[in-house]
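Student: Attaching a single structure in structure tokens format; questions to follow.
Throughout, read-outs are computed from the coordinates displayed, never taken from laboratory work. Since the model is a prediction, treat every value here as computed from it, not as a measurement. Here the Cβ positions follow ideal geometry from the backbone for every residue, glycine too, while neighbour counts run over all protein chains shown.
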């Protein structure tokens, strides 16, 4: 920033309170400017709702080291929304300039403004989600309990005889990938593995869709009120929720409400469900859920005709999913689940999500509703509409794809340490604190290449799909990937919210894109060292309160070293240092700090931390565990 003008909204000397604010909350903004430059200055605050700037005068507030301080005190707007501010300076030589993130410019339209998120006064979220680890299970691919009979093939589904077999990926004669191959994982199997999840510090179990559907992934729902027979029964799910609760865990479900399957009781294109259904019966009670065209075709999700798109604001659809006494939401909440992850949340109207969240909380006041959003959720727009996830509390939190992208970009040397610091600090600045504790912090999902592959060789898009299906990482690639995966996990666990493990990442499972990232869990081939590292991370997450609700700050040293800090108060602090570079780094730290977890060669002695190349560690006041 030009020495004529100094401002950093991430430092309290310039802006209090830090980050997002609530409607009507008092805000103090200060800037530092050269005395021989300023005649007078103003703060311009732009409202996306009104499309206009409000002007607030900056008042001289004394000097600091020979530089004048100008301060403005104002109240946040009474209406939630995202606001954008910059400084207008009238200089002594008669010019007017504008100051923002890109420095000093001459035209208002050229200035890059700072973001100010203003959220509702009554925005609250559940506190429990940030207290532990989340574990994402793709149900068919995790575990089949020891007492259930083995599944057999039928006219529709093919059952793999060997769990080591690769998932089917080749299209049929129509060019469609049918997703009809299954392995037999079920809900009872998850219950049987609760002890395993407990060793990882898991507090939230997030299940991929469990409702009846004619695919292995179940995102083409056939019946929202029936557990898929391959997975078990409603009683099995209730029992899982009960047994999980005994261990301090909660279960959340994947809600797919933007579309159904064409092969469903609602649409019934394939005729599996008799003569009813919107496609076959114009008088069906489900007809108004869908948009049909004169040519006999219909609106579908991303043009995929097996996924007819629903009109979420149709009265009968909202009643069925949300409002009825035995609605889908009410039914499964009463069965014991603790919340929902909403698939493609940005394609759901905020009115629908808000209605869904209200009914969820009516059934369980501590329930969680988070959304699948791939971008910065505070400024997300969809179909030209500003989303109100955080400003009006429509969602508790989101899947944190920006964090995933920043972590992987840094470890692949695509961005610098300064760049990732800016990304991470901006997230905590723009997201309200209550939404930060409900972030599902991911580094791998069922929609992305396995993180071990991402960090060792990337997606290898130059290979054919057949080649990627058979491509196994070499020993050297595995070693590189594991080193970076430990660093990625440390960064993931340090960020506000709940670190989410995609099943199998903790044991070093491999795989490129869908379906290769959805292999069956390798129970007989676990990387024990990697698993133990994740178990230690889980224990640290549980033991240190500052990792559950402490303030976050990212800093950097050079291009290759990242420092992440969480603080509850002046005494309770935990820090992570990540060195992606090829040179050893030395740091002076408080003498009472020690290493509680490390990867690579790290030593700590007499207040000096030695961080070797390609290493990471977590340090804290070991005598003052939170």
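Student: May I ask you to derive the FRET efficiency for residue 35 and residue 416 from their Cβ-Cβ distance with R0 = 41 Å, giving the value to the nearest 0.05?
Tutor: 0.75
Student: Expressed as cubic angstrom per residue, what is the convex hull volume of the alpha carbon set of region 553-612?
Tutor: Each residue corresponds to 84 Å³ of Cα convex hull volume.
Student: Using the alpha-carbon centroid of each, what span in Å lies between region 488-539 and region 123-143?
Tutor: 14
Student: Going by average Cβ density within 10 Å per residue, which order do the peptides 77-86, 268-277, 420-429 take, highest to lowest?
Tutor: 420-429, 77-86, 268-277
Student: How far, in degrees from 0 to 90, does helix 401-411 lean away from the longest principal axis of the Cα atoms of the chain, to the nearest 10?
Tutor: The answer is roughly 70 degrees.
Student: Please state the Cα pair-distance histogram of region 393-543 with 10 angstrom bins from zero: what percent is in each bin?
Tutor: Histogram of Cα-Cα distances, whole percents per bin: 11, 39, 35, 13, 2.
Student: Counting only DSSP beta bridges with both residues in region 5-119, tell me the antiparallel percent, nearest 5.
Tutor: Taking every DSSP beta bridge within region 5-119, about 95 percent pair in antiparallel fashion.
Student: So, one more: Round to the nearest 10 and give me the degree value, 0 to 90, for the angle of helix 417-430's Cα axis relative to the longest principal axis of the chain.
Tutor: 80
Student: Calculate I(q)/I(0) for region 192-543 by the Debye formula, one identical point scatterer on each C-alpha and no solvent, and give its log10 at q = 0.06, 0.12 Å⁻¹ to two decimals.
Tutor: Taken in order of the listed q values, log10 I(q)/I(0) reads -0.23, -0.96.
Student: On to the next question. With both bridge residues required to lie in the chain, what share of the DSSP beta bridges run antiparallel, to the nearest 5%?
Tutor: So the antiparallel bridges amount to about 75 percent of the total.
Student: Sort 11-19, 54-62, 349-357, 486-494 by the packing proxy (mean of other Cβ within 10 Å over each peptide's residues), most packed first.
Tutor: 486-494, 349-357, 11-19, 54-62
Student: Specify, per residue and in Å³, the volume enclosed by the convex hull of the alpha carbon atoms belonging to region 5-119. Intermediate values should be presented prior to the final figure.
Tutor: Working: hull volume 10.3 nm³, N = 115.
Cα convex hull per residue, to the nearest whole number: 90 Å³.
Student: Which of the three applies to region 505-626, rounded, prolate or oblate, going by the alpha-carbon gyration tensor with a ≥ b ≥ c and a/c under 1.5 meaning rounded? Mind dumping the intermediate values first?
Tutor: Working: a/c = 2.07, a/b = 1.57, b/c = 1.32.
Since a/c reaches 1.5 and a/b is larger than b/c, the shape of region 505-626 is classed as prolate.
Student: In whole Å, what three semi-axes, largest first, describe the equivalent ellipsoid of the chain built from its Cα gyration tensor (square root of 5 times each eigenvalue)?
Tutor: Output for the chain: semi-axes of 44, 32, 22 Å.
Student: How many angstrom lie between the Cα centre of region 1-23 and the Cα centre of region 437-459?
Tutor: Computed from Cα coordinates, the inter-centre distance equals 33 Å.
Student: I would also like to ask the following. Test of understanding: express the Cα radius of gyration of region 400-444 as a ratio to 2.2 N^0.38 Å, with N the residue count. Display every interim value, and only then the final one.
Tutor: Details: Rg = 10.8 Å, N = 45, 2.2 N^0.38 = 9.3 Å.
For region 400-444, the normalised Cα radius of gyration comes out at 1.15.
Student: Would you work out the relative contact order for region 137-181, in percent, from Cα pairs under 8 angstrom that are 6 or more residues apart? The partial results should precede the final answer.
Tutor: Details: 20 pairs, mean separation 13.4, N = 45.
Result for region 137-181 is 30 percent.
Student: P(r) of region 87-136 in 10 Å steps, Cα pairs, percent per bin?
Tutor: Bins of 10 Å from zero give 20, 25, 16, 17, 16, 5, 0 percent of pairs.
Student: So, one more: Taking only C-alpha pairs under 8 Å that are 6+ residues apart, what is the relative contact order of region 264-365 in percent?
Tutor: Contact order relative to length: 16 percent.
Student: Describe numerically, in nm with one decimal, the distance between label points set 7 Å from Cα along Cα→Cβ at residue 78 and at residue 50.
Tutor: 1.2
Student: Roughly how far apart, in whole Å, are the Cα centres of region 301-331 and region 410-424?
Tutor: 40
Student: Still on this structure: Modelled label-to-label distance, residue 12 and residue 150, 7 Å Cα→beta-carbon offset: nm?
Tutor: Result: 6.3 nm between the two label points.
Student: Could you work out the relative contact order of the chain? I mean the mean sequence separation of Cα pairs under 8 Å and 6+ apart, divided by the number of residues, in percent.
Tutor: 11
Student: Going highest first, how would you order 220-228, 68-76, 516-524 by mean Cβ packing within 10 Å? Present the calculation step by step, with values, prior to reporting the outcome.
Tutor: Values: 220-228: 21.1, 68-76: 17.4, 516-524: 19.0.
So the order, starting with the most tightly packed, is 220-228, 516-524, 68-76.
Student: In degrees from 0 to 90, rounded to the nearest 10, what is the angle of the helix 528-543 Cα long axis to the longest principal axis of the chain?
Tutor: 60
Student: Still on this structure, I have one more. Tell me whether region 317-448 comes out rounded, prolate or oblate; compute the Cα gyration tensor, take square roots of the eigenvalues as a ≥ b ≥ c, and use a/c under 1.5 as the rounded threshold.
Tutor: Because a/c hits 1.5 or more and a/b exceeds b/c, region 317-448 counts as prolate.
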